[in-house]
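Undergrad: The structure under discussion is supplied below as structure tokens; questions concerning it will follow.
The values are calculated or read from the model by the stated rules, or taken from the named source; none is laboratory data. All values derive from a computational prediction rather than experimental measurement. FYI the Cβ positions are ideal-geometry reconstructions off the backbone, even for glycines, and counts take in every protein chain you see. Remember, those area values only see protein heavy atoms, side chains included, never the ligands or the DNA or RNA. Shrake-Rupley method; radii C 1.70, N 1.55, O 1.52, S 1.80 Å.
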Amino acid sequence: HHSSVVATASDDRTIIIWDIEHREPKQRLTGHRNSVYGLSFDTKGGANAMLASVAFDWTTLIWDVRSGTSIRTLEGHRDDIIGVDFSPNGWALATGSDDGTCRIWDVRMWREAAVLEDHGGEVKRIKFGPYGRSLVTTSGDGTAKIWDMHTMQCTSSLEGHKDHVFDAAWSPDGSFVVTACHDKVTRIWAPPGK
């Protein structure tokens, strides 16, 4: 969501930027070669907002929202990409994939800064904490993990779900994390050191 603009991703391989006021499509972004699964706006961009999209074509595309053009393709994952999130402080983009990794991209150089590989299953959706110092990853291995973005190390493994953990959200102050799982249970965690 970005200043009364909403973007939607689709199995038809397109992204639509919607004009909320008039409830109609403003732009249709085409470029992915398979289902588009996740989107994240760079909220630091202001008028020069960027949008990141991830898809089952194993690529992440970076879009200039104003012009509707793809300005960068990020490659490295070896399977479908499910999760995507821009860091609130604007320096990083994280992508989570069925290849079992979460990749951290340096937005200033558009290069890979780290590959987080502690999960024993697919990585699903991922979410930066409110200050960008931490990241939570969710996984088909039944866990969620908290990562320190300075050291790129896993600081906490959230274990207790009985199925794929597919999404997570932070409280506004970053003091706790909520996870959603195919076991139909939502859990609230207070990671140590938060």
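Undergrad: How about region 141-156: which of its residues are open to solvent by less than 20 Å² (accessible area, probe 1.4 Å) and of a type in the set (A, V, I, L, M, F, W, C)?
TA: Taking region 141-156 as the starting set, the residues that turn out to be open to solvent by less than 20 Å² (accessible area, probe 1.4 Å) are 142-144, 146-147, 149, 156.
Within region 141-156, A144, I146, W147, M149 qualify.
Undergrad: Can you confirm whether A113 is open to solvent by less than 20 Å² (accessible area, probe 1.4 Å), out of contact with any Pro (no Cβ under 9 Å at 6 or more places or on another chain), modelled with pLDDT of 95 or more and aliphatic (A, V, I, L, M)? Let's see the steps before the verdict.
TA: On the way: open to solvent by less than 20 Å² (accessible area, probe 1.4 Å): no; out of contact with any Pro (no Cβ under 9 Å at 6 or more places or on another chain): yes; modelled with pLDDT of 95 or more: yes; aliphatic (A, V, I, L, M): yes.
Taking the combined requirement at face value, the residue does not satisfy it.
Undergrad: Which is exposed (fewer than 14 other Cβ atoms within 10 Å of the Cβ) and within 27 Å of I71 (Cα to Cα), of R103, R108?
TA: Working: R103 fails: exposed (fewer than 14 other Cβ atoms within 10 Å of the Cβ).
From the options R103, R108, the qualifying one is R108.
Undergrad: Tell me, please, whether a residue that is open to solvent by 10 Å² or more (accessible area, probe 1.4 Å) and assigned to a strand (DSSP E or B) can be found in region 117-124.
TA: Applying the first criterion (open to solvent by 10 Å² or more (accessible area, probe 1.4 Å)) to region 117-124 yields 117-122, 124.
Filter again for assigned to a strand (DSSP E or B), leaving 124.
Scanning region 117-124, I find at least one residue that is open to solvent by 10 Å² or more (accessible area, probe 1.4 Å) and assigned to a strand (DSSP E or B), so the answer is yes.
Undergrad: Scan region 5-26 and give yes if some residue there is assigned to a loop (DSSP other than H, G, I, E, B), touching a strand residue (DSSP E or B) at 6+ places or on another chain (Cβ under 9 Å) and buried (at least 20 other Cβ atoms within 10 Å of the Cβ), otherwise no.
TA: Going through region 5-26, the residues assigned to a loop (DSSP other than H, G, I, E, B) turn out to be 10-13, 20-23.
Retained after the next criterion (residues that are touching a strand residue (DSSP E or B) at 6+ places or on another chain (Cβ under 9 Å)): 10-13, 20.
Adding the requirement that they be buried (at least 20 other Cβ atoms within 10 Å of the Cβ) leaves none.
Checking region 5-26: not a single residue is assigned to a loop (DSSP other than H, G, I, E, B), touching a strand residue (DSSP E or B) at 6+ places or on another chain (Cβ under 9 Å) and buried (at least 20 other Cβ atoms within 10 Å of the Cβ).
Undergrad: Among the residues of region 125-140, which ones are open to solvent by 40 Å² or more (accessible area, probe 1.4 Å) and either among the basic types (K, R) or within 13 Å of the chain's Cα centre (by Cα) (or both)?
TA: Going through region 125-140, the residues open to solvent by 40 Å² or more (accessible area, probe 1.4 Å) turn out to be 125, 127, 130-131, 133.
Matches in region 125-140: R125, K127, R133.
Undergrad: Still on this structure, I have one more. Tell me, yes or no, whether region 74-93 has at least one residue that is modelled with pLDDT under 95, surrounded by fewer than 15 Cβ atoms within 10 Å (Cβ to Cβ) and closer than 27 Å to R133 by Cβ.
TA: Residues of region 74-93 modelled with pLDDT under 95: 88-91.
Next, from what is left, pick out any that are surrounded by fewer than 15 Cβ atoms within 10 Å (Cβ to Cβ): 89.
Those left that are additionally closer than 27 Å to R133 by Cβ: 89.
Yes, region 74-93 contains at least one residue that is modelled with pLDDT under 95, surrounded by fewer than 15 Cβ atoms within 10 Å (Cβ to Cβ) and closer than 27 Å to R133 by Cβ.
Undergrad: Identify, please: which residue in region 27-68 is closer than 24 Å to S97 by Cα and open to solvent by 70 Å² or more (accessible area, probe 1.4 Å) and is, among those, modelled with the lowest pLDDT?
TA: T43
Undergrad: Which condition number in (1) surrounded by 18 or more Cβ atoms within 10 Å (Cβ to Cβ); (2) farther than 24 Å from L51 by Cβ; (3) small (G, A, S) is the one that A190 fails?
TA: (1)
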